Amino acid sequence: MNIKTTAMLTLYALTAPPLYVLTAPPLYVLTAPLPVQAAEPAAKSITEDPAVTFNRCVQTLESQGVIFTRLEEFTTGKGCKIADPVTITAIRQPGRSIDFPAKPVLSCQYAARLATWLSDVAAPIAHNFAKSALKAISSGPGFVCRNRYNRKNGKISEHALGNAIDINGFVFADGRRIAVSKSTTGTEAERRMLMALRISSCGYFTTVLGPGANPAHKDHFHLDFGKHGRTWNYRICE
Ligand SMILES: [Zn+2]
């Protein structure tokens, strides 16, 4: 390899699109403190009345500008349950309004984390790429009483605990809707926006799956709060 070739390869390495970020270990999420009080579950080792925890979480949602309805704790059998359920309909903050037309049912702790990611990171990223304000999140219903991948047997889905949402598109103030399925087929701005949203979500959730992870996730981002192993440090970010 001559010097010129080496120099060109070096230049390419320095200027090529940073695709490595898709596979590189997300070190930043391992060391940074998680943004909202732990849904995590360390809270479970503390003998606090769940109603007190729920009340505090409700205050957090209110402070975040989340428009929601507080529901009664419920259990539907087969291990499906939410101790602190809420239905969220919007996030309203000064200069920002993001609707959830699907009105997903989520655990309060999960809803708070979702609102944090959207407010602090996702909405600014989306606005930056789309040149229009993020107006709504196109999503699934959040809570669904089922096992992972709808299998008859096996582990229960985080959806069955209110700890997951499936996002299939982002809607903007100018009327555009950017579908998650455009992760590889959209315009450069759309693809980069979806990649940035997906990567950033790995810092806020413990499981992130999307197009390319497997066929079941070809058209949506699955963001959940499942615990992998003994600590909350391990992430699945595919
Ligand atoms: Zn899902």
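The values are calculated or read from the model by the stated rules, or taken from the named source; none is laboratory data. None of the values given here were measured: they were computed from a predicted structure. Because the Cβ atoms are built from the backbone with ideal geometry, glycine has one as well, and the counts that use them run over all protein chains shown.
Of all residues in the stretch 208-228, count the ones that are charged (D, E, K, R) and more than 12 Å from the ligand (Cβ to nearest atom).
Of the residues in the stretch 208-228, 2 are charged (D, E, K, R) and more than 12 Å from the ligand (Cβ to nearest atom).
For Ile125, indicate whether it is surrounded by fewer than 17 Cβ atoms within 10 Å (Cβ to Cβ) and among the aliphatic types (A, V, I, L, M).
no
Name the single residue that is nearest to the ligand (Cβ to nearest atom) among those in the stretch 144-178 being closer than 21 Å to Ser97 by Cβ and aliphatic (A, V, I, L, M).
This residue is Ile165.
Under 6 Å between Cβ atoms, which residue pairs at least 6 apart in sequence (or on different chains) link something in the stretch 152-179 that is without any contact (Cβ under 8 Å) to a residue 12 or more places away in the chain with a partner that is within 16 Å of the ligand (Cβ to nearest atom) and small (Gly, Ala, Ser)?
Short answer, once both residue conditions are applied: none.
(1) buried (at least 20 other Cβ atoms within 10 Å of the Cβ); (2) of a type outside the set (Asp, Glu); (3) at positive phi: which one isn't true of Ala111, the others all being true?
The failed condition is (3).
May I ask you to verify whether Ile156 is under 20 Å from Met195 (Cα atoms) and among the β-branched types (Val, Ile, Thr)?
When the stated conditions are applied, Ile156 does not pass them.
Here are Ala133, Ala123: which of them is without any contact (Cβ under 8 Å) to a residue 40 or more places away in the chain and more than 16 Å from the ligand (Cβ to nearest atom)?
Within the list Ala133, Ala123, the selection yields Ala123.
Confirm whether Thr116 is out of contact with any helix residue (DSSP H, G or I) (no Cβ under 8 Å at 6 or more places or on another chain), outside any helix (DSSP H, G or I) and farther than 18 Å from Val171 by Cα.
no
Looking at (1) closer than 21 Å to Arg177 by Cβ; (2) touching a residue at least 40 places away in the same chain (Cβ under 8 Å); (3) of a type outside the set (Val, Ile, Thr); (4) in a strand (DSSP E or B), which is the only condition Arg92 fails?
(2)
Taking Ile82, is it buried (at least 19 other Cβ atoms within 10 Å of the Cβ) and modelled with pLDDT of 95 or more?
yes
Specify the residue that is farthest from Phe172 (Cα to Cα); the eligible residues are those in the stretch 119-147 that are among the hydrophobic types (A, V, I, L, M, F, W, C) and in a strand (DSSP E or B).
If we take residues in the stretch 119-147 being among the hydrophobic types (A, V, I, L, M, F, W, C) and in a strand (DSSP E or B), then Ile137 is farthest from Phe172 (Cα to Cα).
Closer than 19 Å to His220 by Cβ and among the small types (Gly, Ala, Ser): which single residue out of Ala133, Ala102, Ala90 fits that description?
It is Ala102.
Might you check whether a residue that is in contact with a Leu (Cβ under 8 Å, 6 or more places away or on another chain) and polar (S, T, N, Q) occurs anywhere in the stretch 92-104?
Checked against the condition, which is being in contact with a Leu (Cβ under 8 Å, 6 or more places away or on another chain) and polar (S, T, N, Q), the stretch 92-104 yields no hits at all.
Cβ-Cβ distance below 6 Å, separation of 6 or more or different chains: which pairs start in the stretch 40-53 with a residue that is more than 22 Å from Gly203 (Cα to Cα) and end on one that is at pLDDT 55 or above and surrounded by 11 or more Cβ atoms within 10 Å (Cβ to Cβ)?
Pro50/Ala83
Which one of the conditions (1) in contact with a Pro (Cβ under 8 Å, 6 or more places away or on another chain); (2) within 15 Å of the ligand (Cβ to nearest atom) does Thr184 fail to meet, given that it meets all the rest?
Failing condition for Thr184: (2).
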